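Colleague: Just dropping this structure here.
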Amino acid sequence: MDKFMNDNVVMVFTSKPLETMINEGGSGYWSANKKRLEKCSYVIATKSNTLREHFPSNTDIKQGAAFLVGKISNIAGSPTGSRLVIQFSEYAEINIPDAWTGNRNPVAYTDVTSFQNEHKVEFSGLEWKEFPEVDIKLESEVLPLTISEAKEGLAKTLDIDPSCIEIKINA
């Protein structure tokens with residue numbers, strides 16, 4: 001049985017529109033319990049107007065409305081490594097007013113049956129679309145490199161000539 005196939009749902013309160021989620025490879029970057037997220041089958045994104053100047057789309061979606069349901073496929077580390085990205089294989093766009101619970105924490109949990117009953121929606125009746133796959137590069141994913149490559153990278157970061165960099169290895 002797939003570890004993401006059960007009745008649990010994570011709801012997120014986000015200012016990020018679908019386009020941003022596609023670019024980031026899912027819904028993120030959340031400070032949440034990975035083990036608890038892995039027990040969820042669906043993510044429901046609800047609209048926050050907090051950062052609307054950074055994410056001006058979704059103007060037809062009101063504060064607190066659910067605008068997306070995603071079928072969770074993976075919980076990945078974010079590029080910073082300290083937060084999580086909820087990846088999904090499929091998504092459906094919705095517009096359900098007042099779906100957010102009002103929690104101060106932007107991550108909340110419920111179950112499919114409760115959500116469907118409360119908001120008069122059936123997930124099986126939604127128009128599901130494939131979510132584009134995006135490779136999330138994890139910061140903790142350090143690739144092997146040569147001394148020369150390390151010097152080049154450091155030189156670019158520090159805006160100096162690579163010849164100014166000395167690397168000492170104490171093995």
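Any read-out appearing in this document is the output of simple, stated calculations on the displayed coordinates, not a laboratory observation. Since the structure is predicted, the reported quantities are computational estimates derived from the model, not experimental observations. Neighbour counts run over all protein chains shown; Cβ positions are idealised from the backbone, glycine included.
Colleague: Quick check on the exposure proxy: order LEU68, LEU84 from fewest to most C-beta atoms within 10 angstrom.
Modeller: Ascending Cβ contact count within 10 Å gives the list LEU84, LEU68.
Colleague: In what order do PHE123, PHE67 fall by count of nearby beta-carbon atoms within 10 Å, going from fewest to most?
Modeller: Lowest to highest Cβ neighbour count: PHE123, PHE67.
Colleague: Assuming a ≥ b ≥ c are the square roots of the Cα gyration tensor eigenvalues, decide whether region 8-130 counts as rounded (a/c under 1.5), prolate (otherwise, with a/b larger than b/c) or oblate.
Modeller: Rounded.
Colleague: What list of ³J(HN,Hα) values in whole Hz, one per residue of region 10-26 in order, does the Karplus curve 6.51 cos²θ - 1.76 cosθ + 1.60 (θ = phi - 60°) give from phi, with Gly and Pro shown as x?
Modeller: 9, 9, 10, 9, 9, 8, 7, x, 3, 4, 5, 4, 4, 5, 8, x, x
Colleague: Of the cross-linked pairs LYS34/LYS71; LYS35/LYS120; LYS35/LYS129; LYS16/LYS47; LYS71/LYS129, which ones have a Cα-Cα span greater than 18 Å in the structure shown?
Modeller: Those over the limit are LYS35/LYS120; LYS35/LYS129.
Colleague: Assuming 0.36 nm per residue, please report the length gained on full extension of the stretch GLU166 to ILE22 beyond their Cα-Cα distance.
Modeller: Length gained between GLU166 and ILE22: 47.8 nm.
Colleague: For region 106-111, in order, what is each residue's ³J(HN,Hα) by Karplus, 6.51 cos²θ - 1.76 cosθ + 1.60 with θ = phi - 60°, in whole Hz (x at glycine and Pro)?
Modeller: Coupling constants for region 106-111: x, 10, 9, 10, 8, 10 Hz.
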